[in-house]
Amino acid sequence: MSNFELADPRHYDYDLQSIYSAYIGHFQANGIPWYERSWGTHFASFAVFLSFSWPAMCVTDAWSGRAHVCVRSGAIDAFLKMIKQRHKEPLQIPPNIVRISPWEISQKPVRQVSDLLTYKKLHATIPAVALSAFKARVRSGEPKAIRELWAKRDKTFLAIDFEWSERNSNSCLEWGYAAVRCGHIESAGQWPPVPDQNYRKGHYIVSEYVDKVHNKHTPTHPWQYAFGDSLLISKSKLPQIIEALISSLSSPDSETVANNVVLVAHGIHNDLKRLEEMKIKIPHNMLIVDTASLEKALFTIGERPPMLDPTKPGQARQPGSVLSLENLLVSFTLPSSDTTFTHLHRPIVLPDCLLHNAGNDAFLGLFAFQMLMEPEHTAVPTTKSSRRPNSRSAVPFLGNFDALPPPVFPSMGGGGSPPHGSPKKNPNRNSMGPRRESSTPSPHQLTPPAYPPGHFRSRTSSGTGLHAQALNAKSLLPNNGTTSFRTRTVSAGNDLAEEFGAMAKERQRASMLSLNGNSSVGGGLNLSRSKSPRERLAAPEQQADGKKEKKRSSMMDFAASLRGLGGK
């Protein structure tokens, strides 16, 4: 078997042993005394039949998943041509030869099988070839293979999830898992698994990065594990914990038998990469299920109800599109308009928890996988009531300080209004400065009504709240509409004190000008009232004109005195 060549397995579709079996059955069914014919020596036994030297390879049937030692149709034609040339009698191809649809598409080695020993060696590779093909079928998300795996009820399905830093891919922030031991549940007479009772779960937070490293594009929520208690561990201990958990559930590695553990994740490529970076080796015979690929395959073949594309609002989802874990969970809550899926797709209410928490993602990933396998009988999990709320990364920022609920005063018995006599703050301002507007209003925020252009909002004199006044700004301008000025908004409390202080300064300035002799100039200041904006703009010009007039009069008096001296 050392001499071989590579060939396309898609052309090897006839089972070698079934060719011999089909001919023996064909001779018996048609009453052909093959043992009396000259060519009958080629069918004396299977070992003699193999002496023709058949080019064969071991391939897997795409439908049944079984491996076969197969040959090409051209090899059968060559065998019949040899019979006709040597014995001068033609033979037909029997109709009951086992024909398969090869699952493999990459080139494989071809062996020349000329004796029974060579056939036995090639046949001994069937379990390994079948396992390799089954692993690839499960990894690609083939619904039939995964359903067969789930229907056996003897595997342990382990869902995992990592949360990593966006800035440094070597920094693992969280790790979570959820596992269901189907063999143990089946032996106890309970099926299907109940997530609250039968899921083994855990959530680990790396202490070196907690509340210190925060992702910007995809924020994590380490303290919002909704299905149990989180554990703080050192980053050096995390690989040891993961490896111990996998080894406690898995069976020994083998080339012919699948492992007891089936690894489950949504978009599992990144998780496998993290395991490799942490130098955690998983058994080679472990099956891997990607729920994203599984759901895509189910939707493509029409085994999931029609739905809208979450990435393209208003458009129907097309076959081949992939859903995120969040959109996959949301799809379970939508009622189906197609009556074909009514008995298979019942809308559910998802548990109240946050994603991008490693423990929540792993738990809900395993729940989503079970929903895809048994949507009728799977129970919805419930969350644990006690969760730590004091993490900055665990509380979503709504983009507005005013979106937070009002403080609760003890004297009001839990009400949201301040006690009697407490000063009320301006809702347009907060303690940090001017109000910051958000492009997207918070769902918990009461948005004030929009005002049309040319209108403004001002405070009432009593200071009780916002008051919309329908005043056109153009009506406040002069007739020519060219002069610009600032309108003073009078508010209650301290704003009135500021206004009186400004008026006192204006009176003091006017009295100083009057003492300098400017009161006699046209357009003098009136001390009984505050100046208008026009008068404020004209005051510096009037003061300059008064100085010029005073200088001119003094020069005229000096000239008159000189004329008087000359006359004398």
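Structure summary
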item	result
Solvent exposure of the range 186-264 as accessible area per residue, Å², 1.4 Å probe	51
Amide hydrogen neighbours beyond the local backbone of Asp161, cut-off 5 Å, H modeled	Gly176
Inter-part distance where the range 137-165 and the range 79-121 are each reduced to a Cα centre, Å	37
The range 130-194: GluC sites (Glu not before Pro) falling in loop per DSSP and having at most 16 other Cβ within 10 Å	Glu166
Highest to lowest packing among 281-288, 203-210, scored as the average C-beta count within 10 Å	203-210, 281-288
Carbon plus sulfur fraction of accessible area for the range 66-166, probe 1.4 Å, in percent	51
Total charge dipole magnitude, the range 1-116, about the Cα centre, Cβ charges on Lys, Arg, Asp, Glu only, Debye to nearest 20	220
Portion, in percent, of the accessible area of the range 176-262 that falls on carbon or sulfur, probe 1.4 Å	49
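The values are calculated or read from the model by the stated rules, or taken from the named source; none is laboratory data. Since the structure is predicted, the reported quantities are computational estimates derived from the model, not experimental observations. Virtual Cβ from ideal backbone geometry, glycine too; neighbours counted across all protein chains shown. SASA here: full protein model, heavy atoms, side chains in, ligands and nucleic acids out. Shrake-Rupley method; radii C 1.70, N 1.55, O 1.52, S 1.80 Å.
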